[in-house]
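Below: the structure, in structure tokens.
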Amino acid sequence: MAHVLPAVAVTPAIAEASKRKSRVAYFLLIPGLAWLAIFFVVPLVTLFMTSLQTESVTSPGKYVPGLQLSNYTDALAEYWPQFLRSFLYAGLATGFALLIAYPLAYFIAFKAGNWRSLMLVLVVAPSFASFLLRTYAWKTILADDGPVTSTLNSLHLLPDGRILNTGIAVVAGLTYNFLPFMVLPLYASLDKIDYRLIEAGNDLYGSPQQVFRKVTWPLSLPGVVAGTLLTFIPAAGDFINAELLGSTKDKMIGNVIQTNFIEFRDYPTASALSFALMTVILVMVLSYIRRSGTEDLV
Amino acid sequence: MSENRDSVARETVAFMRSSLSRRRILQAAGIGGVAAVAAACGASGDTGSATASTAAAAPDLSDSEKTLQWSNWPGYMDTNDKTGTRPSLDAFIKQSGVNVTYTEDINDNNEFYAKVRTQLEQGQPIDRDIVVLTDWMAALWIESGFVQQLDKSVMPNASSNVIDKLQNVAFDPGRQYSLPWQSGFGLFGWNKSKLKELIGTDTMTSVDQLFNPKLKGRVTVLSEMRDTMGIIMAWQGNDPSNFTEAQFMQAIDALRTQIDNGQIRSVEGNSYMSDMESGNVVAVIGWSGDVIQLGKNFGIALPETGGTLWTDNMMIPALAAHKKNAELIMNYYYDPEVAAQVSAYVQYISPVKGAQEAMKKVDPSLVDNEWIFPTSQTLERTYVFMTLTAEQDVKYQREFQKAIGN
């Protein structure tokens, strides 16, 4: 705070007070930092070190600390299809979520009137049920004899004759499960737009499309960026949807990590995959934020 | 996210417990969290240290502390579905004065092992007096010295009442360290009317029928390697309890073919029941207790070339503090009448001699139930999967998981 005051006006008493204030601020940071240190930094370091472990010579199946960089290359060489598929499915899910969420958020922000709170509650309400149950529900929705599949089948739109246990079901499940994470930031960002700007656009003979392209969309961009990140990142690491709704040909990187951890007890490979996933996502996110020019908004 | 899902999984497990049998519980869901926790806690940090080869015993506090910690699978204990109480367990508590803390926290052998592995390897107690694990995992615990030898002198029922077939298992001859809790079959389950519609008969006897192209996309098999591969190997004329690597790979090839050509729709550990109920899936390789619970419209049979037989075993972990209490309750559950009470509820195979006789009093309709009290002819048509070394286990698991897309 001190730096916003003109330097000449800083009397010793004020300086003292602001110093005390900033000490309080640091003090208040401690719980958050400690939380991050214990539950993020320490596990991250452990994960990284585990990813470099090497198999013990004396007792096979056990791993000892090492510098086995080939854990990464081996893991990627073996599991690149699942890696690519994760990004493909997460990307598709994010795209669909954006297509569905944008009109919805737009409606809630500008047109819903008194219904606004209710609609927001409805957007969030499914999250009150467990993630797993919601995904199970999709097995019923997409059942072979269910209305959705039968309808599409009668139009001969399904190559396999079914939706469940195909990639379509996995993408649908991902889109649905992470939709609220897209709607809420979009809504927050649209809601902040000064409606007079849109009116001004109309008054200046902008067509609705032009006004949307030149006014609404750019102003909602922070919400778009936040929403796509909040959807894409968890979707890329998800394994429940692929496990329950997919077939053996739809497995994602989360399934592979799980299998390596639990079935093979191959902690180094699993850790290397986790770490590689995090790195790839981080790089993608950074370049995405840079390209969309919203570093200061996210 | 994964911690979140872990709690979600547990919550869901608790929610669905009343209607689910132990095998159906959502194994996969709980796993991610455990994996993350395992990594976070550095579970793998000290894996280089040699494992103890002898089971460590702690001072037995049974006489001073009348308590017992028992970890078991969900839906694996007779329960009054209205009140949520567990009659046989409550009767034991009343009779013995031992306060039993019964926790349904084993959803998956590997997941549970991942949770307690570090403590076991570092020679620390896992704060459980009884755990229940499937044969191959039990074998690994016994081999690693993670369990204590049972004192048969305080458990007369348990010494005499184990059924013959389970008396001398390869991983624990004479049952020195383990006692069967329940057993089950890996076998066929099918939707009778849909099967008739598709292939013209409502019975299933052979794996050839399972792989009949008319059932394309309507078949699932278990993600439990031992059951799926066991049944396929037996179908190929090999012996799942004694096979070579080439024979295993031959079975993997068959599995892969059926997956690639779309015959096998998915490979499932737990959710095949709902797919059967909704009609998505017509025929499965599943578990006996599950298929029985589906009811009259569904058929159940062992493949003519043989099914699998597995057992979940009670064991006392190293350093468990209430060994004698644990032995007392194991002995209690080897009382035929108590065993019948449990089996009438869980519908898996009772490993207790005399339970069939005792069932006459508990539920006469179940006395001749082939899937709870199999005859020796039935048991002869089943295989207990070969005991694998840790390296073999990982090697075969890798092949199997690769074939099923992981």
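Derivation of every value follows stated rules applied to the coordinates shown; laboratory data play no part. In this text, all values refer to a predicted model and were calculated from it rather than measured experimentally. Using ideal geometry, Cβ is built from the backbone for each residue, glycine included, and neighbour counts are taken over all protein chains shown.
Structural remarks
- Number of partner chain Cβ atoms within 10 Å, mean per residue of A:263-271: 6
- According to the calculation over all Cα-Cα pairs in chain B, the P(r) per 20 Å bin from zero is 27, 60, 13, 0 %.
- Prolate/oblate/rounded call for chain A, Cα gyration tensor, a/c under 1.5 rounded: oblate
- Angle between chain B longest axis and helix B:390-403 axis [Cα atoms, degrees, rounded to 10]: 30 degrees
- Spatially proximal aspartates and glutamates relative to B:Lys323 (Cα-Cα < 15 Å; intrachain offsets below 8 disregarded): B:Asp60, B:Asp63, B:Glu65, B:Asp127, B:Asp129, B:Asp151
- Projecting label points 7 angstrom from Cα along Cα→Cβ for A:Val283 and A:Asp145 puts them 5.0 nm apart.
- Within-11-Å neighbourhood charge of B:Ile252 [Cβ basis; K, R +1; D, E -1]: 0
- Other protein chain Cβ atoms within 10 Å, averaged over every residue that makes up A:241-248: 6
- Computed packing ranks the peptides A:133-140, B:297-304, A:272-279, B:91-98 as A:272-279, B:297-304, A:133-140, B:91-98, most packed first, by mean other Cβ atoms within 10 Å.
- Stretch gain in nm, segment B:Lys196-B:Lys296, where the contour uses 0.36 nm per residue and the Cα spacing is subtracted: 34.5 nm
- For a straight C-alpha distance cut-off of 16 angstrom, the lysines reachable from B:Lys402 (same-chain residues fewer than eight places away being disregarded) are A:Lys249, A:Lys251.
- 18 Å Cα-Cα reach of A:Lys111 towards aspartates and glutamates, excluding residues that sit fewer than 8 places from it in its own chain: A:Asp191, A:Asp194, A:Glu199
- Averaged over peptide A:250-262, the number of partner chain Cβ atoms lying within 10 Å of each residue's Cβ comes to 6.
- Between the beta carbons of A:Ala188 and A:Leu36, assuming R0 = 25 Å, the FRET efficiency works out to 0.55 to the nearest 0.05.
- Environment charge of B:Arg128, counting only residues whose C-beta is closer than 11 Å and scoring Lys/Arg +1, Asp/Glu -1: -2
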